[in-house]
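Everything on this sheet refers to the single structure shown next.
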Amino acid sequence: MMRSSLRLVDSKLASDGDVLSNGHPFPGNSSDDHLFDAYSRAVMGSAESVSPAVVNIEVMQRAGRHAGNSPGPDAPAGSGSGFIVAPDGYIITNSHVVHRASRISVTLSDGRKSSAELIGDDPGTDLAVIRITGSNLAAVALGDSQAIRVGQLAIAIGNPYGFQCTVTAGVVSALGRSLRTGSGRLVDNVIQTDAALNPGNSGGPLVNSRGEVIGVNTAIILPAQGICFAIAINTAKLVAGHLIKDGKISRGYIGIAGHNVELPRRFVRFYRLPAETAVRVAAVEADSPAALGGIKEGDLVIALGDSPIAGIDDLQRYLTMSQVGIRTPVSLIRGTERLTLEIVAIEAPHKSHD
């Protein structure tokens, strides 16, 4: 499993005397220190902390078959970014960066090159884990994406168009977005930011002012400007753990899209709920287990079985293969009424990017 340290995300800008998540002080010893404001010091410090763990990924794919049905040669198929999450070489990136790769090459920030092994690939969340051989490699610190707030500093580091360790900065523009991946699956609880991304940034880290990774940069909207998306790091930690352990992630499917919301205080008190947040159902797929069970758009899901659901991460943790085919009670609030329905999750279909 990943051995990266976990620290809460701090939405404030760093100030004098603060230290990064790796224990190093923010820049402050330069003779030009008086020229740097708090914003500049935060961006500089986070970039200096995280950049050594950011890698450039180049992918080769097998070309079409020759006469006699023999496989063709490997051909360049694009590049992207990734970041080392454990000193023994585990790297998180996007699935669409390494999907169907025949060979993967990684270039470290110091120029060293290494071949990489694909550990696991999950098109459903557009996340993948690869591994290079090494020890005591620079690794990032992982934050807590549930603690981030709209408006806080967001720093993107990656390799757009091959320009290694490029840094852009902005703010968290919105939370709780849904993003459809190449597999056709909606990923919930996506972070929207205006930190500029370009082709090649995919798979790189989105970082807070303390040098902690809060998301995996994954998509931009063309021709829009300043609308970029990152998979929340809590989702990435969950998926990467399964990929490292099993090489794949299998999940149950109930057919809803949703986002995290705060519950009205009167609901929490009246129903004596263990959490003050829930998942609001934004859409229900036709003929899905949720639709057949009676779940409707606007419902607030507060529990599955005996497990409280405080957010999308809880829902994803619950929908493992152990729940497939099992009749499960769903506790929800519709309007002001608490209801209990039953659903039977099915195995999520595996779809290709292509």
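Here are the numbers for the structure shown:
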quantity	calculated
Residues of region 152-164 that turn out to be open to solvent by less than 40 Å² (accessible area, probe 1.4 Å) and in a loop (DSSP other than H, G, I, E, B), as a count	2
Search result, residues across region 132-168 that are hydroxyl-bearing (Ser, Thr, Tyr) and at pLDDT below 90	SER135, TYR161
Failed condition for VAL167, given (1) aliphatic (A, V, I, L, M); (2) in contact (Cβ under 8 Å) with a residue 60 or more places away in the chain; (3) assigned to a loop (DSSP other than H, G, I, E, B)	(3)
Residue selected from region 216-254 under the condition part of a strand (DSSP E or B) and more than 16 Å from VAL172 (Cβ to Cβ), by the criterion most open to solvent (accessible area, probe 1.4 Å)	TYR253
Residue identified as among the polar types (S, T, N, Q) and at pLDDT 90 or above among THR320, THR340	THR340
Verdict on SER352 being among the hydroxyl-bearing types (Ser, Thr, Tyr), modelled with pLDDT under 95, out of contact with any helix residue (DSSP H, G or I) (no Cβ under 9 Å at 6 or more places or on another chain) and open to solvent by 60 Å² or more (accessible area, probe 1.4 Å)	no
Checking ASP194 against (1) closer than 17 Å to VAL43 by Cβ; (2) modelled with pLDDT of 95 or more; (3) not polar (S, T, N, Q), the condition it does not meet	(2)
Odd one out for LEU175 among (1) more than 18 Å from VAL54 (Cβ to Cβ); (2) surrounded by fewer than 17 Cβ atoms within 10 Å (Cβ to Cβ); (3) touching a strand residue (DSSP E or B) at 6+ places or on another chain (Cβ under 9 Å)	(2)
Condition met for GLY215 (among the small types (Gly, Ala, Ser) and either in contact with a His (Cβ under 6 Å, 6 or more places away or on another chain) or at pLDDT 90 or above (or both))	yes
Residues located in region 198-215, provided they are small (Gly, Ala, Ser) and assigned to a strand (DSSP E or B)	GLY215
Near pairs, Cβ below 7 angstrom, 6+ apart or cross-chain, from region 114-133 (more than 10 Å from THR93 (Cβ to Cβ) and small (Gly, Ala, Ser)) to any residue that is open to solvent by less than 10 Å² (accessible area, probe 1.4 Å) and assigned to a strand (DSSP E or B)	SER114/VAL106; GLY120/ALA128; GLY120/VAL129
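Quick grid of which residues meet (1) in a helix (DSSP H, G or I); (2) more than 19 Å from ASN217 (Cβ to Cβ); (3) open to solvent by less than 10 Å² (accessible area, probe 1.4 Å); (4) not aromatic (Phe, Trp, Tyr):
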| residue | (1), (2), (3), (4) |
| --- | --- |
| SER115 | no, yes, no, yes |
| LEU118 | no, yes, no, yes |
| ASP121 | no, no, no, yes |
| THR125 | no, no, yes, yes |
| VAL129 | no, no, yes, yes |
| GLY134 | no, yes, no, yes |
| LEU137 | no, yes, no, yes |
| VAL150 | no, no, no, yes |
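The values are calculated or read from the model by the stated rules, or taken from the named source; none is laboratory data. Model, not experiment: these values are computed from the prediction. Cβ sites come from the backbone with ideal geometry, for glycine too, and all protein chains shown count toward neighbours. These area figures cover heavy atoms from the full protein model, side chains too; ligands, DNA and RNA do not enter into them. Shrake-Rupley method; radii C 1.70, N 1.55, O 1.52, S 1.80 Å.
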